[in-house]
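Visitor: I am attaching a structure below and will ask some questions about it afterwards.
The values are calculated or read from the model by the stated rules, or taken from the named source; none is laboratory data. Small disclaimer: the values here were computed from a predicted structure and weren't measured. In this analysis, Cβ positions are derived from the backbone assuming ideal geometry, glycine residues included, and neighbour counts consider all displayed protein chains.
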Amino acid sequence: MIKKTNLIGILVLGVFVAVGCEESTTSIDSTTNTENNDILSTSMSSGETASLTECQDTGVGLTAHYINETPNSPLDITCDIGVYVDKDGEIDGVTLNATFDGAKSKQYGIYVKGANVKLANSSVNTDADYPHQFVPITYQDGATGNITNNEVTGVHRAGIVLRGAGTDVNVDGNNVIGIGPKSTGWAQNGIQVDQEASGVIKNNLVEGHFYNKDTFVSSGIGVFSDNVNVQKNTIRNNDLGVALVGNNTNVNHNTIEITYTEVDVNYIFGVWAYPSEDNGIRQNTITSNTGTGFGIFLQGTENTKLIRNDVSGWGTNLIDGGDDTKLPKPFEID
């Protein structure tokens, strides 16, 4: 987590989402259930909420309703995972719900491990009073593919997570919507890339991740790995628009804005970069209607390129605490 009180001084940084369990040696029976669609030919049909009476062992220390299959109708999750995938394929049109009644200490909606999977046109929704940690979509341990045109709403620990060496995913055109300012329970985060994962994060709407206390910070997009591209996203009303703690990453052509009027905004950031090297922050529009907080905050960075960003409406538009920052026309956009 990121503590608000540590952002200006010594930062205490931990991973937003707890690391999953180590893989066990339990074998997985992926025989197709005739009542469900195979993951290679998924389509959602109307009907009552789907359910399974038995949670299946995934072999990674977690249980799942479906393994390499998907439900035909909306599913309320009561196992650790709604849909677990470890073989290549495609998921299309799935609806999953995380509810108060079905809550466990940590749960996942769609969990892809080490496979190439296209996930599209699906939705994962969480009750506003969900009491624990829920991760709607995660690709881990060398997973690849595309996450496209999906809807993530409600309370979540982090909406979409890319994690682990070899994980490389294109996250394009999704809506990741938190519940807005909250002051109890877990801080929410939108899209997160960490632990040596990489990817392209583009054309997404990420909105409403805001922890309304002087303790922890919620981020819209958090990059804790190298070689990530964050481009053409709309990042609105998040405690911290883009957190950048990685090297050789580009944050380009995004719209980052704060429009809240009745919240504690003393520690709001548009883009915040912590010790990292050779990053580009280019041609972004970073605005706030609050007159407080920081548009771009560089802290211990090296060789960051700030080019043609339009930054306005903050208490301080730019704090450059880095070395060898390139600043050609920092607050102008083409």
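Visitor: Looking at THR184, THR138, can you tell me which residue is within 30 Å of TYR260 (Cβ to Cβ) and in a loop (DSSP other than H, G, I, E, B)? If you could, list the steps in order and put the result at the bottom.
Guide: On the way: THR138 fails: in a loop (DSSP other than H, G, I, E, B).
Exactly one of THR184, THR138 is within 30 Å of TYR260 (Cβ to Cβ) and in a loop (DSSP other than H, G, I, E, B), namely THR184.
Visitor: If I go through segment 209-229 residue by residue, how many of them are more than 17 Å from ASP194 (Cβ to Cβ), of a type in the set (A, V, I, L, M, F, W, C) and surrounded by fewer than 24 Cβ atoms within 10 Å (Cβ to Cβ)? Even if it seems obvious, please write down each step before you answer.
Guide: Taking segment 209-229 first, the residues more than 17 Å from ASP194 (Cβ to Cβ) are 210-215.
Next, from what is left, pick out any that are of a type in the set (A, V, I, L, M, F, W, C): 210.
Subset that is surrounded by fewer than 24 Cβ atoms within 10 Å (Cβ to Cβ): none.
The qualifying residues number 0.
Conditions (1) hydroxyl-bearing (Ser, Thr, Tyr); (2) within 12 Å of the chain's Cα centre (by Cα); (3) within 19 Å of ILE281 (Cβ to Cβ), marked per residue:
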| position | (1), (2), (3) |
| --- | --- |
| ASN175 | no, yes, no |
| TRP186 | no, no, no |
| GLN192 | no, yes, yes |
| GLU196 | no, no, no |
| TYR211 | yes, no, no |
| ASP214 | no, no, no |
| GLY220 | no, yes, yes |
| SER225 | yes, no, yes |
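Visitor: Quick check, is GLY270 farther than 16 Å from SER198 by Cβ, buried (at least 18 other Cβ atoms within 10 Å of the Cβ) and under 20 Å from the mean Cα position of the chain (by Cα)?
Guide: Values: farther than 16 Å from SER198 by Cβ: yes; buried (at least 18 other Cβ atoms within 10 Å of the Cβ): yes; under 20 Å from the mean Cα position of the chain (by Cα): yes.
In short, yes.
Visitor: Of the numbered conditions (1) among the hydroxyl-bearing types (Ser, Thr, Tyr); (2) surrounded by fewer than 24 Cβ atoms within 10 Å (Cβ to Cβ); (3) within 18 Å of the chain's Cα centre (by Cα), THR249 satisfies every one except a single condition; which is it?
Guide: (2)
Visitor: Here is a follow-up. Output the number of residues of segment 225-266 satisfying the condition of being more than 16 Å from ASP278 (Cβ to Cβ) and of a type outside the set (Ser, Thr, Tyr).
Guide: Step one: filter segment 225-266 for residues more than 16 Å from ASP278 (Cβ to Cβ), giving 231-243, 253-266.
Those still in the list that are of a type outside the set (Ser, Thr, Tyr) too: 231-233, 235-243, 253-254, 256-258, 262-266.
Number of matching residues: 22.
Visitor: A further question follows. Any residue that is touching a helix residue (DSSP H, G or I) at 6+ places or on another chain (Cβ under 7 Å), modelled with pLDDT under 95 and assigned to a strand (DSSP E or B) - is there at least one of those in segment 195-214? Steps first, please.
Guide: In the first step, residues of segment 195-214 are kept if they are touching a helix residue (DSSP H, G or I) at 6+ places or on another chain (Cβ under 7 Å); the result is 214.
Narrowing further to those that are modelled with pLDDT under 95: 214.
From what is left, the residues that are assigned to a strand (DSSP E or B) are none.
The answer is no, given that none of the residues of segment 195-214 is touching a helix residue (DSSP H, G or I) at 6+ places or on another chain (Cβ under 7 Å), modelled with pLDDT under 95 and assigned to a strand (DSSP E or B).
Visitor: Does any residue of segment 92-103 turn out to be buried (at least 24 other Cβ atoms within 10 Å of the Cβ) and modelled with pLDDT under 95? Spell out how you get there, then give the answer.
Guide: Keep residues of segment 92-103 that are buried (at least 24 other Cβ atoms within 10 Å of the Cβ), which gives 94, 96, 98.
Next, only the ones that are modelled with pLDDT under 95 stay: 98.
Within segment 92-103 (the criterion being buried (at least 24 other Cβ atoms within 10 Å of the Cβ) and modelled with pLDDT under 95), the answer is yes, since at least one residue qualifies.
Visitor: Shifting gears a bit: Take segment 118-160 and flag every residue that is buried (at least 24 other Cβ atoms within 10 Å of the Cβ), among the small types (Gly, Ala, Ser) and under 12 Å from ASN175 (Cβ atoms).
Guide: SER122, GLY159
Visitor: When only residues in segment 273-305 that are among the hydroxyl-bearing types (Ser, Thr, Tyr) and in contact (Cβ under 8 Å) with a residue 40 or more places away in the chain count, which is surrounded by the most Cβ atoms within 10 Å (Cβ to Cβ)? Can you show your working first?
Guide: Filtering segment 273-305 for residues among the hydroxyl-bearing types (Ser, Thr, Tyr) gives 274, 276, 285, 287-288, 290, 292, 301, 304.
From what's left, in contact (Cβ under 8 Å) with a residue 40 or more places away in the chain: 274, 285.
Numbers: TYR274: 20, THR285: 16.
Ranking the qualifying residues of segment 273-305, first place goes to TYR274.
Visitor: Quick check: anything in segment 157-167 at pLDDT below 95 and among the hydroxyl-bearing types (Ser, Thr, Tyr)?
Guide: no
Visitor: Search segment 141-156 for residues being more than 23 Å from SER198 (Cβ to Cβ) and part of a strand (DSSP E or B), and hand back the single one that is modelled with the highest pLDDT. Explain how you work it out, then say what you get.
Guide: Initially, segment 141-156 is screened for residues more than 23 Å from SER198 (Cβ to Cβ), giving 151, 153-155.
Going one step further and asking which of them are part of a strand (DSSP E or B), we end up with 151, 153.
Numbers: GLU151: 98, THR153: 94.
Of everything passing the filter in segment 141-156, GLU151 is modelled with the highest pLDDT.
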